[in-house]
């Protein structure tokens, strides 16, 4: 399996070069470069505030990069016309952290929504297609429920079904295990692996859960304070001797180096 | 950084002004994009759905009919009572009919319709879009390749442009009827005579004035309500702020626009 993946890896699905982003005057991402191969599961890992959510938003094209280049399927996203973007988006599926299902629609309508908007299939075909995807995520029979009637794990699976309904070649999953109990989270991890094996799809997972990252990743990108600490296979990350990666793995709290002058300045609040 | 006195005041004023200009520009963009989708959506394979428009028309227009009828009727009746009371001193109480006919069709019919829609839909639309914004549903639309403005704003704009004139006609009629009922009792004339007098006084220009205002109100209500929804941040409290701000700004926008309009149409 892995060798097959490696052979396909010559054309990256996502390429990021020297991405630098700011939130106000604060630097959020600092010179981030990374590439994701076809059929690969790339886990972007980092603590809160590491910039992983920001990176995801840029990869999704929700923001346009000012500094640096992002290429999706080989195309610079800053140079895409509105129409090209729409075509490209049909090849991408996104499962958001809280599901982001439309609250005014049933689960089934949510899953059918991309089909409604982008295809001219008849209602019956769409119904069958959406049921197929709900089967994949083990939610068959729940299509008539409203999102508010679902549990956290079910919401994430329904969101996954909606992300898969257009048969994307690139799937994003934001924090699949956040807020779930370990058993449900492990189920979701298995589901992600199954989807990768069943469909020709590259998957980008953003998470802060170590176990989940080790279970599903082909490669892991470790982000810390807006910088990439390392990119490597599960074993490479596990055996890394970079101190901050080790801290993250062993869950030791990071000791910030205290600069006496800076500390005093922060306390007195003097403005530079 | 504590600026005090005049400096603090001028700084706040400047910031407010900048925010105002920003909001105005945002609204203009929202309008341009909505019109783009309404006109060219089909060609881009992103049509503004009839189903969505009908749903908005129901929410914005049809469901507002009961409240609007009562308010317009009451307003017409009050104008008649005040008018008759004031004009009685001059022995000219029958002139009240002219006053009601012109001021209702030019001014108050459309204003009441606007305020009712602002109160009902100005908050509801901002709350709905604000909730979607916070639950990442707007992001979900965008990454699905569905333009949020096309999907959420354009149907509302169409519904407003259809329903505001319709509601204005209803509002005009109910207010005139309200005035008629009071006139019947106080002036001892029949409703038929009253309506005859109203029709003889009214000119097409009066009706046109109200109608054209209703279209402007419709556009303003759409942009203010949806704009406040899209810019809502900060959880439940922020959502509350956004809806309040939406209603207040909707009503202010309508009243101020009405004054400017009247100024240019009459003078």
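The values are calculated or read from the model by the stated rules, or taken from the named source; none is laboratory data. Here the structure is a predicted model, which is why all the values come from computation and not from measurement. All Cβ positions, glycine included, derive from the backbone under ideal geometry; neighbour counts span all protein chains shown.
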Study note, to complete from the structure: Picked from the range B:126-137 (must be touching a helix residue (DSSP H, G or I) at 6+ places or on another chain (Cβ under 7 Å) and facing chain A (nearest Cβ under 9 Å)), the residue surrounded by the most Cβ atoms within 10 Å (Cβ to Cβ) is B:132
Study note, to complete from the structure: Note: among B:107, B:93, just one is surrounded by fewer than 23 Cβ atoms within 10 Å (Cβ to Cβ) and within 21 Å of the chain's Cα centre (by Cα), namely B:107
Check your understanding: If we keep just the residues of the range B:190-204 that are more than 18 Å from residue B:106 (Cα to Cα) and without any contact (Cβ under 8 Å) to a residue 60 or more places away in the chain, which is surrounded by the most Cβ atoms within 10 Å (Cβ to Cβ)?
Key -> B:193
**Study point:** Given (1) exposed (fewer than 15 other Cβ atoms within 10 Å of the Cβ); (2) at positive phi, index of the condition residue A:235 fails
**Key:** (2)
Point to revise | Filter result for residue A:120 (within 14 Å of chain B (Cβ to nearest Cβ), under 30 Å from residue A:148 (Cβ atoms) and outside any strand (DSSP E or B)) | key: no
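Return yes when residue B:140 is more than 29 Å from residue B:174 (Cβ to Cβ), free of Cβ contacts under 8 Å to residues at least 24 places away in the same chain and either assigned to a helix (DSSP H, G or I) or within 12 Å of another protein chain (Cβ to nearest Cβ) (or both) and no when it is not. Before you say what the answer is, go through the steps one by one.
Numbers: more than 29 Å from residue B:174 (Cβ to Cβ): yes; free of Cβ contacts under 8 Å to residues at least 24 places away in the same chain: yes; either assigned to a helix (DSSP H, G or I) or within 12 Å of another protein chain (Cβ to nearest Cβ) (or both): yes.
Criteria met by residue B:140.
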**Study point:** Matching residues in the range A:64-90 - criterion: being buried (at least 16 other Cβ atoms within 10 Å of the Cβ) and assigned to a loop (DSSP other than H, G, I, E, B)
**Key:** A:65, A:73, A:80, A:90
Revision key, fill the gap. Residue B:47: passes all of (1) surrounded by 13 or more Cβ atoms within 10 Å (Cβ to Cβ); (2) assigned to a helix (DSSP H, G or I) but (2)
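So which residues in the range A:73-113 are within 10 Å of chain B (Cβ to nearest Cβ), under 18 Å from residue B:136 (Cα atoms) and over 19 Å from the mean Cα position of the chain (by Cα), if there are any at all? It would help to see each step written out before you state the result.
Filtering the range A:73-113 for residues within 10 Å of chain B (Cβ to nearest Cβ) gives A:82-83, A:85-104, A:110, A:113.
Now restrict to residues that are under 18 Å from residue B:136 (Cα atoms): A:89, A:92-104, A:110, A:113.
Result: A:102, A:103, A:104, A:110, A:113.
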Practice item. Could you check, for the range B:63-86, whether at least one of its residues is part of a helix (DSSP H, G or I), within 30 Å of residue A:116 (Cβ to Cβ) and under 23 Å from the mean Cα position of the chain (by Cα)? Key: yes
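Do we find that residue B:115 is more than 14 Å from chain A (Cβ to nearest Cβ) and either under 30 Å from residue A:169 (Cα atoms) or modelled with pLDDT of 95 or more (or both) in this structure? Spell out how you get there, then give the answer.
Numbers: more than 14 Å from chain A (Cβ to nearest Cβ): yes; either under 30 Å from residue A:169 (Cα atoms) or modelled with pLDDT of 95 or more (or both): yes.
When the stated conditions are applied, residue B:115 passes them.
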Check your understanding: Residue check: is residue B:145 in contact with a helix residue (DSSP H, G or I) (Cβ under 6 Å, 6 or more places away or on another chain), within 30 Å of residue A:82 (Cα to Cα), in a loop (DSSP other than H, G, I, E, B) and within 14 Å of another protein chain (Cβ to nearest Cβ)?
Key -> yes
Review point. Given the structure, is residue B:220 out of contact with any strand residue (DSSP E or B) (no Cβ under 8 Å at 6 or more places or on another chain), surrounded by 16 or more Cβ atoms within 10 Å (Cβ to Cβ) and within 20 Å of residue B:41 (Cβ to Cβ)?
Key: no
**Study point:** Failed criterion for residue B:155 (all others in (1) at pLDDT 95 or above; (2) within 14 Å of chain A (Cβ to nearest Cβ); (3) under 30 Å from residue A:170 (Cβ atoms) hold)
**Key:** (3)
Check your understanding: For the range B:53-71, what are the residues that are farther than 24 Å from residue B:175 by Cβ and in contact with a helix residue (DSSP H, G or I) (Cβ under 6 Å, 6 or more places away or on another chain)?
Key -> B:53, B:56
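Across the range B:30-44, what is the number of residues that are within 14 Å of chain A (Cβ to nearest Cβ) and surrounded by fewer than 13 Cβ atoms within 10 Å (Cβ to Cβ)? Show your work before the answer.
Going through the range B:30-44, the residues within 14 Å of chain A (Cβ to nearest Cβ) turn out to be B:32-33, B:36-37, B:40-44.
So of that shortlist, the ones also surrounded by fewer than 13 Cβ atoms within 10 Å (Cβ to Cβ) come out as B:32, B:40, B:42-43.
So the count comes out to 4.
Select from the range A:128-153 the residues that are farther than 23 Å from residue A:91 by Cβ and assigned to a helix (DSSP H, G or I) and write down the one among them that is farthest from the other protein chains (Cβ to nearest Cβ). Spell out how you get there, then give the answer.
Initially, the range A:128-153 is screened for residues farther than 23 Å from residue A:91 by Cβ, giving A:138-153.
Narrowing further to those that are assigned to a helix (DSSP H, G or I): A:147-149, A:152-153.
Numbers: A:147: 9, A:148: 11, A:149: 16, A:152: 14, A:153: 17 Å.
The qualifying residue farthest from the other protein chains (Cβ to nearest Cβ) is A:153.
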